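K.L.:
Mind having a look at this structure? Questions to follow.
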Amino acid sequence: MANQQKTSASSGKEGAAEGQTINAPSLLDLTSDNITPNTIRINSQGDNARLIYLMSRLVTHLHDFARETRLSTNEWMAALDFLVRCGQISSDVRHEFILLSDVLGLSLLVDSIDHPKPPSSTEGSLLGPFHTHDAPTLASGEDMSDDPEGEPLLALCTVKDTKGNPVPGVKIDIWETDSSGHYDVQHADRGGVPSGRCVMVSDSEGTFRFRAIRPVSYPIPHDGPVGKLLRLLGRHCWRPAHMHFTFEKDQWDKLVTALYIRGDPYESSDAVFGVKKSLVVDLDKVDGETAKKYGVDVGGEGGMWLLRYDFVLVSEEEAQELRDRNAIEALAKLGLTHLKLVDHLPVPEVD
């Protein structure tokens, strides 16, 4: 590498014994004009081509942002303090950085890039900050909610491929809030007992069904730094009524999605940009014939809501082909012709 210099490593740095010499790019006479290429140069000494490329583009865009906005020291310190507060309020059951990614639209963008969907398949949505890994596995038809105040709902769903064939043996993770608009982990008395969430497996015909409650609108957590940011931006913190799903099976592209109830007042202004038209659904009411077939009780005021949806998965091979094609087209539009794909991700072409 050009302009290398030998440096005595007597500072006790990891991997450099006393008296050992290391090679590093010369970083003398740094200015606001040359700090960017110098930072990229010193970050380019490793063997991981993808990491080097990611850091190169990150540094380039961060530095350009500072130059374009003429970023002040006070503003930058406020941003750093904001990130510190995001970390301080996060926990095993609350991930403020995911929430930040969501409200900036980044979560939806990354999912759309990494999990592209052909028109015939179910579109992705947001994972959100309240997914857990302790949901109980339920048999088909069981109830995942213990909320007596919620309006009962029966969900009848299928999992198919893009050709209409059933996909059996898919692990399906499902979760929603209670009738007050809170996930179970938001209640101090949860006590490690999950509610409003479950794991199911599609049967030989690609079907699964469960009982739950009708989803309700709710505010994202707004008592932390992300909530304060939304208030400063003049934005509301509400999400339309929805239910979360993930689908996983070997050789199939993982699907993270959600279904949104049509007519919700926040349907067109979701605080975290999760709503897509194809994921907005209508609810019906369970009639007597359906109730008898699936062994549910439709008695009580208002009866039972009915959700029907046919999920369509994409094979990993289909997703990879589409991901590569989209990447090549996107890079060409950006004029980035010096890149190649390695493991379906762009890295610089080396002469």
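K.L.:
If a residue has to be in a helix (DSSP H, G or I) and either surrounded by fewer than 12 Cβ atoms within 10 Å (Cβ to Cβ) or in contact (Cβ under 8 Å) with a residue 12 or more places away in the chain (or both) to count, how many in the range 84-109 make the cut?
P.N.:
Number satisfying all stated conditions: 14.
K.L.:
Checking the structure you have, find out if any residue of the range 51-66 is over 30 Å from His344 (Cβ atoms) and at pLDDT 95 or above.
P.N.:
yes
K.L.:
Something else now. Looking only at residues that are surrounded by fewer than 16 Cβ atoms within 10 Å (Cβ to Cβ) and either in contact with a helix residue (DSSP H, G or I) (Cβ under 8 Å, 6 or more places away or on another chain) or polar (S, T, N, Q) (or both) in the range 163-189, which one is nearest to Ser120 (Cα to Cα)?
P.N.:
Per the stated criteria, the residue is Asn165.
K.L.:
Among the listed residues Val201, Val159, Val193, which satisfies the condition of being surrounded by 18 or more Cβ atoms within 10 Å (Cβ to Cβ) and either closer than 30 Å to Arg231 by Cβ or hydrophobic (A, V, I, L, M, F, W, C) (or both)?
P.N.:
Details: Val201 fails: surrounded by 18 or more Cβ atoms within 10 Å (Cβ to Cβ); Val193 fails: surrounded by 18 or more Cβ atoms within 10 Å (Cβ to Cβ).
Answer to the check: Val159.
K.L.:
Anything in the range 132-183 that is within 21 Å of the chain's Cα centre (by Cα) and hydroxyl-bearing (Ser, Thr, Tyr)? List them, or say none.
P.N.:
Thr132, Thr177, Tyr183
K.L.:
Looking at the range 151-161, is at least one residue touching a Lys or Arg at 6+ places or on another chain (Cβ under 8 Å), assigned by TED's automatic domain parsing to the domain that holds Arg197 and in a loop (DSSP other than H, G, I, E, B)?
P.N.:
There is at least one residue in the range 151-161 that is touching a Lys or Arg at 6+ places or on another chain (Cβ under 8 Å), assigned by TED's automatic domain parsing to the domain that holds Arg197 and in a loop (DSSP other than H, G, I, E, B).
K.L.:
Wholly within the range 267-351, which strands (runs of 3 or more DSSP E) include no fewer than the required count, namely at least 3 residues that are touching a Ser or Thr at 6+ places or on another chain (Cβ under 9 Å), in the same structural domain as Arg235 (by TED's automatic domain parsing) and surrounded by 13 or more Cβ atoms within 10 Å (Cβ to Cβ)?
P.N.:
In the range 267-351, the matching strands (runs of 3 or more DSSP E) lie at 305-312.
K.L.:
Could you tell me which numbered condition Asp270 fails, if it satisfies all but one of (1) over 18 Å from Ser120 (Cβ atoms); (2) in contact (Cβ under 8 Å) with a residue 40 or more places away in the chain; (3) of a type outside the set (S, T, N, Q)?
P.N.:
(2)
The values are calculated or read from the model by the stated rules, or taken from the named source; none is laboratory data. From a predicted model like this one, the values you see are computed outputs, not experimental measurements. Every residue, glycine among them, receives a Cβ derived from its backbone with ideal geometry; neighbour counts consider all protein chains shown.
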